[in-house]
Amino acid sequence: MRSRIYIVMTIIAILAIMLALILLKKDKLTSLEQRFDPLTQSYAFTIPNLQRLAQANALKAFECQTCHKEIYDEWQASTHASALQDIQFQAELAKPDSPKWLCLNCHIPVQNQRESIVTHIKNENVLEPVAEVNPEFDPQFQQEGVSCAACHVRRDEITGESYVIGALGTSSAPHPVKTDKTFLRQTCLRCHDPQGEGITKNLLCWFESVDELAEGRKDLQERTGRTSDCVDCHMPIKRRRLTITYPDLPTRDSHMHHWVGGGVPKSFAGYDSLIQRGFESGLETKVYLAQNIVANVDFEVRVELTNARSGHYLPTGDPERFLLVWARLYDGTGHVLQEEKYHIGQEWLWNPARKVGDNRLKQGETREWNVKLNSPADLTGLQLSVSVLHVRLKSENARYMMKTKGINENYLPNGQELVANAIAHYPFASYVFHEEIHLENGMKRVFGNKELIQLSKQEQGKKLEERGY
Ligand code: HEC
Ligand code: HEC
Ligand code: HEC
Ligand code: HEC
Ligand code: HEC
């Protein structure tokens, strides 16, 4: 009897050891440095915990604000400031197959913004991170997204103290400053230029703005007489004082911290400051009617679309973005007789993510879209409208997104409601061009920026099936 128990116990012990060995073998740990190149894949690493700045006692953006108020106000209205609270971001983050820690590395990149710090991954799988609790976690700092510190503050490796990276070489700052203009101007690449192979089956946020820019540089120089980087266009220069608290300091060539992109803000309130923040569409659009309109005779409309102002492709960045060119023919009662659409963007298939099409406009490129419309028997009140919308999120994807459960409300307070009711809170698209032509008399009206913004605001709350994109 007893020997039987021994045998059973021995067998159990052997099995347990084997299981442990299998588990141990399975959990192969790889350090981040082994897996990613810190130089070209810096997005895989967080910016080490930072201390408050000596003398100025600041680290968080609202602490910089006490002196750099103007720059702070610009930053605060930018998408960088709300990179964590973005409704779509939070919905995607809640998906079980998103490598959350990697997503957060670009959207809240400083360690103090993180409850825990990933040091290793298991089994070469970015969905199995191994993390340590971060004793210096600061929940208030977490809410700041791509904060001032993400670009400007680093830790001195020897003293452990924080310093500000600047470009002017001022000696008037109360806080430590190191001058490194090149670093600052290349800091965009950390997040806007992920390098290496796609690291998960479905990692969104794989951009090529930098390659697109390099490709267009020669052409850009011919057209504008200068080469350019991201900062030249996205942070234009303004002469001003850098602080309100030191009125004796001279005005300087300062950089606007707006980073306006394609003109789709993160909230409907964001439309009110869009023009003031310097938004100008990268696109130039011209509409031509090929002939006079005659009843019952088809006619052609030519739309010329030029990427006139953006340094990269149009649109750039998120692969989901596209331009919708939309011609609509209305009868005298405002009823749509015919509509035609043309998409400019990338086409992807998912699982695994792969690009299967790309007809975006290169720098300076002009594309013609010719569309044939059927002229009705009655021309009374006949009207044509041609619109271009910059679409960030199409209804099909929004429908799916709005069903997402498990939103982390520490990241986005009231997040579950905001996601479920995204049509009311989150602009999906903006009008960047709209022209109306009365075909009876040829009278045309091209909408200005203010009217375009009015049109865009009217999308708020619209049902998905009524949106047309
Ligand atoms: C107590 C006031 C104060 C606070 C707080 C403060 N700064 Fe400054 N900062 C200054 C002054 C003064 C200058 C020098 C301005 C000048 O020379 O025109 C300066 C200069 C700078 C410069 C330019 C340095 C250069 O040489 O290019 C940067 C960048 C900067 N601060 C970033 C920050 C950031 C980021 C924070 C918050 C983490 C911050 N500052 C907090 C007062 C402050
Ligand atoms: C720490 C990561 C990070 C760095 C560094 C960074 N960005 Fe961004 N940037 C983001 C994220 C994340 C977003 C999108 C936020 C969102 O849509 O919620 C963004 C958005 C943008 C946009 C689009 C704004 C819009 O309205 O659509 C522009 C333009 C931009 N960044 C330019 C820059 C430039 C120029 C630099 C360098 C000076 C830079 N970024 C540095 C992460 C970064
Ligand atoms: C996405 C990166 C990024 C963020 C976030 C950012 N800055 Fe800057 N900042 C820059 C760059 C790039 C420059 C200009 C470098 C140059 O001179 O070419 C700059 C310049 C400055 C300067 C020097 C004067 C000037 O305007 O050129 C100050 C001061 C400054 N930033 C303060 C701040 C403060 C305060 C915040 C937060 C409220 C902040 N920055 C957020 C990238 C950033
Ligand atoms: C020659 C000027 C120019 C340069 C250089 C430039 N951009 Fe842009 N960028 C623009 C314009 C204009 C837009 C708005 C395009 C539009 O109408 O959709 C834009 C839009 C964007 C957007 C928003 C995408 C969208 O669809 O809303 C991002 C992100 C962006 N740029 C990043 C960058 C980065 C990163 C660099 C540097 C590698 C850079 N840009 C260089 C002019 C420029
Ligand atoms: C390499 C840095 C990086 C990583 C990693 C990253 N993002 Fe982003 N994300 C960005 C930048 C930069 C933008 C702004 C580009 C733009 O506006 O087109 C952005 C914008 C977004 C947006 C807004 C898109 C829009 O059209 O306005 C969403 C949603 C998003 N990211 C989700 C995610 C998710 C989910 C993950 C993880 C699976 C992730 N991101 C990982 C850098 C990153």
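Applying the criterion of being more than 15 Å from ligand 1 (Cβ to nearest atom) and in contact with a helix residue (DSSP H, G or I) (Cβ under 7 Å, 6 or more places away or on another chain) to the residues of the range 132-157, the residue that is farthest from residue 89 (Cα to Cα) is 136.
Looking across the range 148-169 at every residue that is without any contact (Cβ under 8 Å) to a residue 60 or more places away in the chain and β-branched (Val, Ile, Thr), the one that is farthest from ligand 3 (Cβ to nearest atom) is identified as 158.
Within the range 261-273, the set of residues being surrounded by fewer than 21 Cβ atoms within 10 Å (Cβ to Cβ) and within 16 Å of ligand 5 (Cβ to nearest atom) comprises 261, 267, 268, 270, 271. Please enumerate the residues belonging to the range 230-260 that are within 16 Å of ligand 5 (Cβ to nearest atom) and either in the same structural domain as residue 182 (by TED's automatic domain parsing) or farther than 16 Å from residue 76 by Cα (or both). Of everything in the range 230-260, those that are within 16 Å of ligand 5 (Cβ to nearest atom) and either in the same structural domain as residue 182 (by TED's automatic domain parsing) or farther than 16 Å from residue 76 by Cα (or both) turn out to be 230, 231, 233. Within the range 271-300, the set of residues being touching an Asp or Glu at 6+ places or on another chain (Cβ under 9 Å) and either in a loop (DSSP other than H, G, I, E, B) or more than 20 Å from residue 324 (Cβ to Cβ) (or both) comprises 277, 289, 290, 291, 293, 295. Can we say residue 27 is touching a residue at least 24 places away in the same chain (Cβ under 8 Å) and more than 30 Å from residue 264 (Cβ to Cβ)? Considered against the rule, which asks whether it is touching a residue at least 24 places away in the same chain (Cβ under 8 Å) and more than 30 Å from residue 264 (Cβ to Cβ), residue 27 comes out as yes. In the range 216-245, the residue that is surrounded by the fewest Cβ atoms within 10 Å (Cβ to Cβ) out of those that are of a type in the set (Asp, Glu) and modelled with pLDDT under 80 is 222. For residues in the range 321-356 being among the small types (Gly, Ala, Ser) and surrounded by 15 or more Cβ atoms within 10 Å (Cβ to Cβ), which is nearest to the chain's Cα centre (by Cα)? The qualifying residue nearest to the chain's Cα centre (by Cα) is 345.
For residues in the range 48-84 being touching a Leu at 6+ places or on another chain (Cβ under 9 Å) and within 27 Å of residue 264 (Cβ to Cβ), which is surrounded by the fewest Cβ atoms within 10 Å (Cβ to Cβ)? Looking at the filtered set, the residue picked out is 70. Among the conditions (1) within 14 Å of ligand 2 (Cβ to nearest atom); (2) more than 19 Å from residue 259 (Cβ to Cβ), residue 118 misses just one, which is (1).
Please go through the range 261-310 and give me each residue that is farther than 27 Å from residue 78 by Cα and outside the structural domain of residue 451 (by TED's automatic domain parsing), ordered by number.
Initial filter on the range 261-310 (farther than 27 Å from residue 78 by Cα): 286-305.
Hits for the range 261-310: nothing passes.
In the range 254-270 there is no residue that is polar (S, T, N, Q), part of a helix (DSSP H, G or I) and under 19 Å from the mean Cα position of the chain (by Cα). Taken over the range 345-379, residues that are among the hydroxyl-bearing types (Ser, Thr, Tyr) and at pLDDT 95 or above amount to 1. The residue of the range 113-145 that is nearest to ligand 3 (Cβ to nearest atom), among those that are polar (S, T, N, Q) and not in a helix (DSSP H, G or I), is 143.
Looking for whichever is of a type outside the set (Asp, Glu) and at positive phi here; the options are 410, 414. Which one fits?
Values: 410 fails: at positive phi.
Being of a type outside the set (Asp, Glu) and at positive phi holds for just one of 410, 414, which is 414.
Here the condition is being within 14 Å of ligand 1 (Cβ to nearest atom) and either touching a residue at least 12 places away in the same chain (Cβ under 8 Å) or polar (S, T, N, Q) (or both); of 249, 305, 289, it holds for 249 alone. Condition (residue is free of Cβ contacts under 8 Å to residues at least 12 places away in the same chain, surrounded by fewer than 20 Cβ atoms within 10 Å (Cβ to Cβ) and not hydroxyl-bearing (Ser, Thr, Tyr)) applied to the range 138-147: is it met by at least one residue? Checked the range 138-147: no residue is free of Cβ contacts under 8 Å to residues at least 12 places away in the same chain, surrounded by fewer than 20 Cβ atoms within 10 Å (Cβ to Cβ) and not hydroxyl-bearing (Ser, Thr, Tyr). Being part of a loop (DSSP other than H, G, I, E, B), within 15 Å of ligand 2 (Cβ to nearest atom), surrounded by fewer than 18 Cβ atoms within 10 Å (Cβ to Cβ) and modelled with pLDDT of 80 or more is a property that does not hold for residue 183.
Of the residues making up the range 418-469, those that are acidic (Asp, Glu) and surrounded by 14 or more Cβ atoms within 10 Å (Cβ to Cβ) are 435, 436, 459. For residue 150, the criteria (1) at pLDDT below 95; (2) surrounded by 13 or more Cβ atoms within 10 Å (Cβ to Cβ) hold in every case but one, which is (1).
The values are calculated or read from the model by the stated rules, or taken from the named source; none is laboratory data. Only a predicted model underlies this, so the values are computations on that prediction, with no experimental measurement involved. Here Cβ is always computed from backbone atoms with ideal geometry, including for glycine, and neighbour counts include all displayed protein chains.
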